[in-house]
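Please treat every number below as a calculation from the coordinates, not as lab data. A quick note: this is a predicted structure, and the numbers were derived from the prediction, not measured. We place every Cβ from the backbone using ideal geometry, glycine too, and count neighbours over all the protein chains shown.
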Amino acid sequence: MNQRRPTDQELIEQVLQGNQKAYAFLVDRYKHMVYTLALKMLRDRELAEETAQDAFVKAFQGLSGFRGTAKFSTWLYKIAYYRILDVVSAQKKKVRFDELHQTESLQLASEDSPWRNLLEAERKNLLDQALALLQLEDNSLISLYYLQEQSIREISEITGLKEATVKVRLHRARKRLKAALANKINGKMLQEYER
């Protein structure tokens, strides 16, 4: 007989009533989501693991403050997002993302074509360089929307920005990414021409 999985709210209530083992179920349920966000923004596995653990500890400590007005996952995402920003600020490193290139696809050759692989690697490299030129906020919005597939409303809850502001900033971030990418491509073409 299948046993029903407890809801997030049921698990939270158990934790608040003293059953700290119930929190392990919440961690297990959301560990991949939090770790993935940390890895995308920090680009360091060890640091991402540590930051994800910190986010879960912080969420556990603040669990009594969870009001249930948003989904638990959104509330947890917000904690993780700000923890990651703290780490980025402390590390003073630029944020770059690996997988944005998945949102666009080249329709050139078969998947196993060496030519296609070379073009994909070159494209990814240029995209990484362009992303590295963007401000942290732009990278964060692009990551949350395209890579983590969060809705505008969820991004608003995570970042504390109004939905209209998220839309405007996301639009501007895409424009800046496009301009940075164009500059990288034009610069590369100029270098090739000068050889």
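Describe numerically, in nm with one decimal, the distance between label points set 7 Å from Cα along Cα→Cβ at Gln91 and at Ser151.
Output for this residue pair reads 3.1 nm.
For segment 134-153, list residues with backbone N below 15 Å from a point placed 7 Å from the Cα of Lys162 toward its Cβ?
153
When the label point is put 7 Å from the Cα of Thr69 along its Cα-to-beta-carbon vector, which residues of segment 1-39 have a backbone N closer than 19 Å?
What the label zone holds, given the 19 Å backbone N cut-off, is 9.
Restrict the search to segment 15-55; then list the chymotrypsin sites (Phe, Trp or Tyr not before Pro) that DSSP places in a loop and that have at most 11 other Cβ atoms within 10 Å of their Cβ.
For chymotrypsin sites (Phe, Trp or Tyr not before Pro) across segment 15-55 that sit outside H, G, I, E and B with at most 11 neighbouring Cβ atoms in 10 Å, the list is empty.
For a bin width of 5 Å, list the pair-distance distribution of segment 1-93 built from all Cα-Cα distances, rounded to whole %.
With 5 Å bins starting at 0, P(r) equals 3, 14, 25, 22, 16, 11, 7, 3, 1, 0, 0.
Can you pull the one-decimal nm distance between simple spin-label points at Arg43 and Arg5, each 7 Å off the Cα toward Cβ?
3.3
For Asn183 and Phe25 in one chain, what is 0.36 nm times their gap in residues minus the Cα-Cα distance, to one decimal in nm?
Extra length available between Asn183 and Phe25 comes to 52.2 nm.
Which order, highest average first, do 78-91, 170-183 follow once you tally other Cβ atoms within 10 Å for each residue and take the mean per peptide?
Those peptides, ordered most packed to least, come out 78-91, 170-183.
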